[in-house]
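Below you'll find the structure, written out as structure tokens, and then a few comments.
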Amino acid sequence: MKSTVSALAIVAAMVSADVAYAQTEIEFWHAFTGRLGELVAEQVDTFNASQSDYKVVESHKGNYSETLNAGIAAFRAGEQPELLMVFEVGTATMMAAEGAVRPVFEVMGDDFDQDAYIGSVKGYYTSPDGDMLSFPYNSSTPVLWVNRDLLQANGIDPDVDLSTWENVGEVLDSLAAAGVDCPLTTAWQSWIHLENMSAYHDTPFATQDNGFGGTDTELAFNSPAQVAHIGAMGEWAQDGKFIYAGRRNEGGANFRAGECALFTESSAGYAGIKAEAEFDFEVRPLPYWSALKDEPQNTIIGGASLWVMEGHTDEEYEAVAAFLNFLSSTDIQAKWHQDTGYLPITGAASEATREMGFYDENPGTDIAVIQMTANEPTGNSKGLRLGSFDQIRGIIDEELEAVWAGDKDAQAALDSAVERGNALLRRFERANN
Amino acid sequence: MEKRITFKGVWLPLALIAPQIVITAVFFFYPAGQAIWQSLFIPDPFGLSMTYVGLGNFEFLLSDPFYRASFVTTAIFSTLVTVVSMGVALFLAVLADRLIKGSGTYRTLLIWPYAVAPAVAGVLWLFMFNTRVGVITWYLGQLGYDWNHVLNENEAMGLVVVASAWGRISYNFLFFLAGLQAIPRSVIEAAAIDGARFWTRFRTIVFPLLSPITFFLLVVNVVYAFFETFGVIHTITSGGPQQATTILVYKVYSDGFVGQDLGSSAAQSVILLALVALLTVIQFKFIERRVHY
């Protein structure tokens, strides 16, 4: 009996000691593996080592879709993490989930300086009033990658002006005439050649400011501007000037192997291309059609943001705020930007990177930042906020494949994608009203 | 003449079948019931609200020409997978059955692919047919054929069929070989003495005697092609190009887990369930008649 009592006393003492020194622990679920996974772990370790009140536990939950599904399933089971990484196309789904998520600006409290964040980056994730709903974690934007050696080998000046699609078209003609198998390829066709193309030319992708104005939005990417672009791409595909490699970033392998002269891909492709390319490559701004617009607007981001889930204690939300503040701090943010090629989320981090001479040493790494921030975003270039958007991208992929294969013309394909996508938007509206 | 075993009392037989009933209830009746219930609603992904729509999800699906086209795709895909995997397996089994030396080695090697998970099989075949670095693509290129399953619908279908059928050949092979070895040698020898050649013996004796096995494999392979080929489609084509390889079960996944449209996904599961039940009934009613046990 006596021994039982003393054992209980020891246990009680241990429990209370544990409470007294307990750190507040929060879960952070993300979708990164490989080098990016290591960099996330490094950030978390740095944060945990920098203070003793809070502890962040990071876990990898699969790719973007799988991470989102893991978060949703966990919420349904009451086991949701404090922080969940959600890719940009899931933004409308998360925003509509009132009661499941807590807006970042509420978590951060009164002295949260939202103006420190770059407008065109955070704009994708803010409410109509400009309040930050989710925390922009990794953002990139499409740029044009150029294989300078391949241009030179085929008698084209590697410094040739590639700022407009008209000029690109002429270069593609020369490359095809010189017998190059892959003059142009792309990754993420919907994101680059429809979503960004629309924003870049200040043309609506969808009504209601691309869905920012409400869930009663309708797709609008079958207007003459987009039809002209997709039509031109379709002709290039038929002539063997544009090589379609797949729905994701399969084209990257072709470019990195030195087979393709031009490649439209995310600015975050930098690390991979730098590691593998055995040729002289260069980053150029995404081309625009000078026939459609004198000066390009701005491109929009892709990537993911961190959502704060509901159902946790005040201490845990304090820990979340501390971690997000840490991620926003200039040193951490500048390092993240330089290591990954993702855009900096604060103006200060961008400035610090410039002052360190990083852009001079790594020419072209600032193209994405300039392209994003050159102009104040308009209603057409702030971003996209559409329900079921991952699926709508799937529909767009299918219809674009019909264009590249020569089965449909651009107008018919885009009309069909708009009609099919609108049906999904109406379902999303019903599910969330 | 059927043998009937009868138990006295109720409890022993109940206890004996209870494990099976419990497993079926937990892993089949309960989820199937949930799917039927959910198919009547449009829920939001987080389970915060549900809108009752009656048969609205079914109307939405059946009025979608792309969903209806998916039935045709599924029919073509399942037929090809079943025919290819059973045909090749039967051919190999007949050859292995005639082997005298080394049959054990052949059998073991032929069974190996069954151990490969569908998703991994998909990746293996994708590598061989990769449009850029694939070995087979390269050989086809040497022969002057430009393989591109990324844009060519028929090539994409061919590739997912081969990748799906490949692992299944092993499974079918095992059953066919066992069936062949169960056929009494005396019957075949008697026919041989009467002057029947191999092909005649196969057609009139072996194949009819194999029919119970063939029928069993037909049912199992159709179910496989309908449900378990998801991993192959997901890794190789994601349903593309266009919608060339979007089979019904892939659409259940993509609407449910990519689109978070759980109402539509549940309705599709119900349709798929009904379809497979119907197919199995048809198989038992019309094909089983021709089976000799």
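Table for the structure above
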item: Complete set of residues in the stretch A:351-367 that are within 15 Å of residue A:334 (Cα to Cα) and not in a helix (DSSP H, G or I); result: A:356, A:357, A:362, A:365, A:366
item: Of all residues making up the stretch A:301-327, the number that are open to solvent by less than 20 Å² (accessible area, probe 1.4 Å), assigned to a helix (DSSP H, G or I) and under 20 Å from residue A:131 (Cβ atoms); result: 6
item: In the stretch A:406-423, residue surrounded by the fewest Cβ atoms within 10 Å (Cβ to Cβ) [restricted to those that are acidic (Asp, Glu) and in a helix (DSSP H, G or I)]; result: A:419
item: Conditions (1) over 14 Å from residue B:67 (Cβ atoms); (2) within 14 Å of chain A (Cβ to nearest Cβ); (3) crowded, with 22+ Cβ neighbours inside 10 Å; (4) among the polar types (S, T, N, Q); number of the one not met by residue B:229; result: (2)
item: Qualifying residue in the stretch A:291-299 (condition: open to solvent by 10 Å² or more (accessible area, probe 1.4 Å) and under 14 Å from residue A:139 (Cα atoms)); result: no
item: Residue that is nearest to the other protein chains (Cβ to nearest Cβ) [pool: residues in the stretch B:247-265 that are part of a helix (DSSP H, G or I) and within 21 Å of the chain's Cα centre (by Cα)]; result: B:254
item: Subset of the stretch A:213-253 [more than 18 Å from residue A:187 (Cα to Cα) and β-branched (Val, Ile, Thr)]; result: A:215, A:217, A:227
item: Scope the stretch A:351-393; condition small (Gly, Ala, Ser) and without any contact (Cβ under 8 Å) to a residue 24 or more places away in the chain; matching residues; result: A:352, A:357
item: Scope the stretch B:210-221; condition open to solvent by less than 20 Å² (accessible area, probe 1.4 Å) and either among the aliphatic types (A, V, I, L, M) or closer than 19 Å to residue B:118 by Cα (or both); matching residues; result: B:210, B:217, B:221
item: From A:265, A:295, residue being closer than 22 Å to residue A:191 by Cα, over 18 Å from the mean Cα position of the chain (by Cα) and of a type in the set (D, E, K, R); result: A:295
item: First in the stretch B:195-218 and farther than 15 Å from residue B:182 by Cα, second anywhere and of a type in the set (Asp, Glu), Cβ under 7 Å, 6 or more apart; result: B:215/B:288
item: Condition check for residue B:74: hydroxyl-bearing (Ser, Thr, Tyr), away from chain A (no Cβ under 14 Å), surrounded by fewer than 19 Cβ atoms within 10 Å (Cβ to Cβ) and part of a helix (DSSP H, G or I); result: no
item: Among residues of the stretch A:368-405, those that are of a type in the set (A, V, I, L, M, F, W, C), part of a helix (DSSP H, G or I) and more than 16 Å from the chain's Cα centre (by Cα), counted; result: 8
item: Residue within the stretch A:223-240 that is within 14 Å of chain B (Cβ to nearest Cβ), open to solvent by less than 20 Å² (accessible area, probe 1.4 Å) and without any contact (Cβ under 8 Å) to a residue 24 or more places away in the chain present; result: no
item: Matching residues, the stretch A:244-269, being open to solvent by 30 Å² or more (accessible area, probe 1.4 Å) and more than 9 Å from chain B (Cβ to nearest Cβ); result: A:249, A:256
item: Matching residues in the stretch A:360-417 - criterion: being more than 29 Å from residue A:337 (Cα to Cα), more than 14 Å from every other protein chain (Cβ to nearest Cβ) and among the basic types (Lys, Arg); result: none
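Condition check ((1) in contact with a Gly (Cβ under 8 Å, 6 or more places away or on another chain); (2) outside any helix (DSSP H, G or I); (3) within 24 Å of residue B:258 (Cβ to Cβ)) across all residues:
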position	(1), (2), (3)
A:38	no, no, no
A:45	no, no, no
A:49	no, no, no
A:62	no, yes, yes
A:66	no, no, yes
A:70	yes, no, yes
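The values are calculated or read from the model by the stated rules, or taken from the named source; none is laboratory data. What you are looking at is a predicted structure, and each value in this text was computed from that prediction instead of being measured. Please note: Cβ atoms are built from the backbone with ideal geometry, for glycine as well, and neighbour counts cover all protein chains shown. We work out accessible area using only protein heavy atoms, side chains counted, and drop any ligands, DNA or RNA first. Shrake-Rupley method; radii C 1.70, N 1.55, O 1.52, S 1.80 Å.
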